[in-house]
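Taken together, the values in this text are just the output of simple stated rules run on the coordinates, not laboratory data. Owing to the predicted nature of the structure, the values given are computational and were not obtained by experimental measurement. Note that each Cβ is placed from the backbone with ideal geometry, even for glycine, and that neighbours are counted across all protein chains shown.
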2 protein chains.
Amino acid sequence: MGKINMDPQPLLLPLPAVLASCAHEDKRSIITLAWAGIISSMPPRIGLGIRPQRFSYNLIAASGEFAVSLPDENLMKAVHVCGSKSGREIDKFKELGLTPVRGKEITSPIIGEAPVTLECKLDRIVEMEGSHHLFIGEIKNVLVEENILNEEGRVDPKKAGIITFGGGNYWRWGSFLESRQS
Amino acid sequence: MGKINMDPQPLLLPLPAVLASCAHEDKRSIITLAWAGIISSMPPRIGLGIRPQRFSYNLIAASGEFAVSLPDENLMKAVHVCGSKSGREIDKFKELGLTPVRGKEITSPIIGEAPVTLECKLDRIVEMEGSHHLFIGEIKNVLVEENILNEEGRVDPKKAGIITFGGGNYWRWGSFLESRQS
């Protein structure tokens, strides 16, 4: 077997499937995003690629805040719905029966059912030609379910059951291979 | 059990563990990065967070190119070494016995042993206060091993055995959960 060239495409693996929640004035929404990545450690910053025509784009731009929740299997319905329906038509918290929770550092509603949430303040929007603009946020607080921590007090992604994305499918978290220290 | 607040930290899950290769004049290197994410679909763009003091930072800035390879288990040694040693001291291709391959769209060396490689042209560097700057590259070609494609001609991440990163550990790709279409 050999290698072949394929059309240019956004083929990073694994991809996350995050639920970004946001609000401005009396509007709120949740958007599913796979275009998400960490940008820096100090301060911790995250980048999200968002299409300008999405309802959440303007909510985040106006409020200067967003929350990034990492879903487990219990949130699969939210992952599907928040990736395909617009918040212009439905209140996704209500439609999905999700609990909007108040965070520590932001006023945007947080998904109470999510095992991990990053509370973020918008740092800047990098506008680009093409489909998506890049939202860069600084992570100001991390909210986690206590029972997904390991003995060292770190989030154990397998215990948390965080889902992953890639090749058009969602996947369960895999088995342990090696620690970074080895 | 309840939720607790944790210190602000770059806690996205899953994270990729990519091997970015690059060259300028007679220097070449490979750097392991977990701070990587897709930014846009059209054109396909990827973002990499790189510390200014890293050897690869200047190689990419000077050449305007880089290749992003997605490692499988056979490349774990490369993931460890390229994340901990500097290309100022060793030629990582030679040290690791990796085959530098010529790509279609860039002249930077590609890791021949990688199942998937994205050939990228540097679009811009977003300088930021703090630990990392953001390199944004446009994906100009995708090179894949033919035997990791599924029946629809898409990369099957499980068949490819791509590794994932999170919580300080490397993990095997998990089991199928749901397709995005459902």
Dividing the Cα convex hull volume of the protein assembly as shown by residue count, how many Å³ per residue is that?
126
Mind listing the label-point distances from B:G153 to the same position on all other copies, shortest first, one decimal in nm, points 7 Å along Cα→Cβ?
5.3
What size of dipole, in debye to the nearest 20, comes out for the protein assembly as shown about its Cα centre when the only charges are +1 on Lys and Arg C-beta atoms and -1 on Asp and Glu C-beta atoms?
80
Between the label point of A:R88 and that of the same position in each other copy, find the distances and list them shortest first in nm, with every label point placed 7 Å from Cα along the Cα-to-C-beta direction.
5.3
Subtracting the Cα-Cα distance of A:K121 and A:N74 from 0.36 nm times their residue separation yields 14.2 nm
If the label point sits 7 Å along Cα→Cβ of A:A62, residues of the stretch A:79-121 with amide N under 16 Å come out as A:87-92, A:107-109
What residues of the stretch A:57-76 lie in the reach of a label at A:R180, counting those whose backbone N is under 14 Å from a point 7 Å from the Cα along Cα→Cβ?
none
Roughly how many Å is it from the Cα centre of the stretch B:71-111 to that of the stretch A:165-180, as a whole number?
23
Once exposed loop GluC sites (Glu not before Pro) are cut out (DSSP; at most 14 other Cβ, 10 Å), longest piece of chain A
A:26-88
For a label point 7 Å from the Cα of B:N147 along Cα→C-beta, name the residues of the stretch A:1-34 whose backbone N is under 12 Å from it.
A:1-3
Identify all aspartates and glutamates with a Cα-Cα distance to A:K140 below 19 Å; exclude those on the same chain that are fewer than 8 residues away in sequence.
A:E65, A:E105, A:E119, A:D123, B:D7, B:E129
Quote the charge dipole size of the stretch B:62-115 about the Cα centre in Debye, to the nearest 20; the model charges only the Cβ of Lys and Arg (+1) and of Asp and Glu (-1).
140
Quarter of the Cα convex hull surface for the stretch B:18-171, i.e. its orientation-mean projected area (nm²)
9.2
From the cross-link list A:K27/A:K77; A:K77/B:K121; A:K3/A:K77; A:K158/B:K159, the entries with a Cα-Cα span beyond 28 Å are A:K77/B:K121; A:K3/A:K77
The stretch B:1-105: trypsin sites (Lys or Arg not before Pro) in DSSP loop, at most 10 other beta carbons within 10 Å
B:R88, B:R102
Can you list, shortest first in nanometers, how far A:E73 lies from the same residue in the other copies, with each label 7 Å from Cα toward Cβ?
2.3
